[in-house]
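Report on the following structure.
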């Protein structure tokens, strides 16, 4: 049986090799995994109830994981009215707190759940009370407000860019056309600071 003896030279080569592998892993990690950041901007487009929508959001981290989100969103939907459909456009501002579920900044996927408040304006039938056939709508444009809940999923492409999927449910307390408005969208998040 032959036993190999390690000299100081072998230990130095092994240490250098492990050190270089560790440094290479750290460098690759900065290219492909998210890092700690303070501010990110997201733009998404997608589907809302009976139509389409879009959202632009600013995320501000309040610690290494969780963030406060400020966003503007719009939805363009069709509301069934008798034998026709009426266009409904909603423009709103939303702000909320999001909790990072994984609590880990060296990852490829981030998932956060959040809730907050929404306030905006709902425009019915392009601000026209009359619909096809001369019928009159009993629904008027109005200021809308309420809470919302959502899930943000980020798939990091680089340390500053991620693909984002947002799934939100807005509850407009005082809307005449329906209180719940779902939104699911996809887009890009850019980490700016």
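The values are calculated or read from the model by the stated rules, or taken from the named source; none is laboratory data. As the structure is a prediction and not an experimental result, all values here were calculated from the model. Quick reminder, even Gly has a Cβ in these numbers, built from the backbone with ideal geometry, and neighbours come from all protein chains shown.
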Here are 139, 123: which of them is touching a strand residue (DSSP E or B) at 6+ places or on another chain (Cβ under 8 Å) and under 28 Å from residue 41 (Cβ atoms)? 123
Any idea which of 181, 167 is at pLDDT 95 or above and touching a strand residue (DSSP E or B) at 6+ places or on another chain (Cβ under 6 Å)? 167
Among the residues that make up the stretch 161-183, is at least one of them in contact with a helix residue (DSSP H, G or I) (Cβ under 6 Å, 6 or more places away or on another chain) and either under 16 Å from residue 67 (Cα atoms) or surrounded by 15 or more Cβ atoms within 10 Å (Cβ to Cβ) (or both)? no
Give me the pairs: first residue in the stretch 144-158 and on the phi < 0 side of the Ramachandran plot and free of Cβ contacts under 8 Å to residues at least 60 places away in the same chain, second residue surrounded by 16 or more Cβ atoms within 10 Å (Cβ to Cβ) and assigned to a loop (DSSP other than H, G, I, E, B), beta-carbon distance under 8 Å, and six or more apart or on different chains, which are they? 144/172; 144/175; 145/172
From the list 91, 65, exactly one residue is outside any helix (DSSP H, G or I), surrounded by 13 or more Cβ atoms within 10 Å (Cβ to Cβ), out of contact with any helix residue (DSSP H, G or I) (no Cβ under 7 Å at 6 or more places or on another chain) and modelled with pLDDT under 95. Which is it? 65
Consider the stretch 40-60. How many of its residues are outside any loop (DSSP other than H, G, I, E, B) and at pLDDT below 95? 2
So in the stretch 126-136, with the set limited to residues that are in contact with a strand residue (DSSP E or B) (Cβ under 9 Å, 6 or more places away or on another chain) and in a helix (DSSP H, G or I), which one is farthest from residue 43 (Cα to Cα)? 133
Can you find, within the stretch 102-119, the residue that is surrounded by the most Cβ atoms within 10 Å (Cβ to Cβ) among those that are touching a strand residue (DSSP E or B) at 6+ places or on another chain (Cβ under 9 Å) and at pLDDT below 90? 107
Given the criterion surrounded by 13 or more Cβ atoms within 10 Å (Cβ to Cβ), touching a helix residue (DSSP H, G or I) at 6+ places or on another chain (Cβ under 9 Å) and either in a strand (DSSP E or B) or at pLDDT below 90 (or both), identify the matching residue among 139, 144, 151. 139
Pair list, Cβ under 6 Å, 6 or more apart: the stretch 159-176 residue at negative phi and in contact (Cβ under 8 Å) with a residue 12 or more places away in the chain, other residue assigned to a loop (DSSP other than H, G, I, E, B) and surrounded by fewer than 19 Cβ atoms within 10 Å (Cβ to Cβ): 159/35; 171/179; 172/179; 176/139
